[in-house]
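Here's the structure, in C-alpha cells; my notes come after.
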Amino acid sequence: MAAPMEVAVCTDSAAQLWSCVVWELHSGANLLTYRGGQAGPRGLALLNGEYLLAAQLGKNYICAWELQRKDQLQQKIMCPGPVTCLTTSPNGLYVLAGISENIYLWEVSTGNLLVILSRHYQDVSCLQFTGDSSHFISGGKDCLVLAWSLCSVLQADPSRTPAPRHVWSRHTLPITDLHCGFGGPLARVATASLDQTVKLWEVSSGELLLSVLFDVGILAVTMDLAEHYMFCGGSDGSIFQVNLCTWPGQREKSFQPEQEHGKVFRGHRNQVTCLSVSTDGSVLLSGSHDETVRLWDVQSQQCLRTVTLKGPVTNACIMLAPVSMLSSDFRPGLPLPHFNKHLLGAEHGDEPHHGGLMLRLGLHQQGSEPSYLERVEQLQAVMSSTLEKNVLGGQDQLRIRVTELEDEVRNLRKINRDLFDFSTRIITHPTK
C-alpha cells in the first residue's frame, strides 16, 4: 500500500490567478487550484476531508469548495461581519470563526449557530482545536489567549456567557499565531506575539511551561509532531528553531542563535506569516510577505524549493491529501447546509433553508396535544396541590390544626404559671 501523499496548500492576498493552490510537497508538482476570492490570514480550513473553506479577506463570507469541484464555487457561507480567522474541528462536526471580538460556533450537520462567545475585547486573530476536538484555543489583539472546553460551551446556560477554562494573559502585545500539539486535553499550546516572545502552555493545568524571548516580533509558530522542536517566524524574515528537549530548566529564557540548541533559517526578505512541518518532521514549509513559499530541510536549514506567488502569503500548510482530493469522481457524502447568522435562525432574519431536508415528527398530533411548556405547567400545578394536601392537610385541616396548637400553648402557659406560683410559695413560706 502506497504511503499517504503530503501536499502543501497555499494562498496569497492577491489571488490574481487562483484563490488557493495545492502542490505535491516533495516534487513541487501543481495538483489543484481553486478560484474565487482572496483568503485572509489564518482563514483556510479543511472540513471533514470533503470541503475546503476560506475566509475572505475583509469580506463577510466564507467560500466553500468541494475538493474536486475546484473551478466552481460551491457555496458562500454568509457571516454577520468580516471573518478574521477560521478553523474546523478535526472530527468534522463544528466550524469556528472569529468575527471582530466574537467567536461563532456552527454545527456542520444542521448549519445551526450554536453559540456566540464574547470574551475577547479586540479582534480575534487565531483559532485552533485540539486534536481530539475536546477543546479549542483563541488568541486576540487584546493580548489574551483563552482555552475553551467545547463540552462546557455547548452545555452552558443560555442566559449566561460561557467562561473559558483558562485565561492566559502573560503576553503584552497582540497574539499573532498559536499551535496546539497532540494530546487532546493534555496537549501543549504554543502562542506567538508581537511582544517578541513565544510561550508554551499546558491545557490540562493552565500552567506556563516555557517563555522564550527573541530580538524581533514573532508572527508564526508551529511544532513538529513529536514536539521536539518549536519553529518561530520573525518579523525580519528569520525562522528560529527551538529545541524543546535540551532547553534548560528555566521557564523564561532569551533565544541565543549561537548556542548549540539555537538554529536559524535565513532566506525570506520580509516577515514570516505562516509555518508548517511535515509528518516525519524532516521538512518545514514557510510563507512570507515577500510573496514566496519556501520548503526547508530541518536538519541542515537549507532551502529545498522556493515557490513565488503573486502577493503576500496569507496561508501555507502541509497536510495529508484526503482521498477526495486525489479521486476525480469523489463527491461529498452530504451537502453543506445553510449556515445561520443568528442564534435563533429564521426568527431573526435568516433566509429560509434551500435544498435541505427538514424532518418533523408527529405532524398528525399537532394542535391536539399540549405543548411541552403547557405540560410542565400542568405537572407543576399537580405537584403543588399534592404537596399542600399531603403535608399541610388542606386549608380546612390547617385551620383546625392551628386552633388545636393554640389551645395546647395556652394550657402549657397555665401549667407554667401554676408551677411558678407553687415554687414561690414553697420558697417564701418554708414548712416549720
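The values are calculated or read from the model by the stated rules, or taken from the named source; none is laboratory data. The structure presented is a predicted model; accordingly, all values stated were derived computationally and were not measured. As a convention, Cβ positions derive from the backbone with ideal geometry for all residues, glycine included, and neighbour counts pool all protein chains shown. Surface accessibility is based on the protein's heavy atoms, side chains included, excluding ligands, DNA and RNA. Shrake-Rupley method; radii C 1.70, N 1.55, O 1.52, S 1.80 Å.
Considering all alpha-carbon pairs of segment 4-323, what whole percent are spaced by more than 24 angstrom? Of all Cα-Cα distances in segment 4-323, 50 percent exceed 24 Å. Per-peptide packing, taken as the mean over residues of other Cβ atoms within 10 Å, places 169-175, 9-15 in the sequence 9-15, 169-175 from highest down. When +1 charges are put on Lys and Arg Cβ atoms and -1 charges on Asp and Glu Cβ atoms, the dipole computed for segment 4-323 relative to its Cα centre reaches about 480 debye.
Protection proxy ranking for 120-131, 331-342, 101-112, using the average of other Cβ atoms within 10 Å per residue and placing the highest first: 120-131, 101-112, 331-342. For ARG305, ARG251, the ranking by accessible surface with the largest value first comes to ARG251, ARG305, using a 1.4 Å probe. Net charge of the neighbourhood of VAL307, taken over other residues with C-beta under 14 Å away and scored Lys/Arg +1, Asp/Glu -1, is -1.
Each Cα pair under 8 Å and six or more residues apart adds its separation to the average, and for segment 4-323 the resulting relative contact order is 13 percent.
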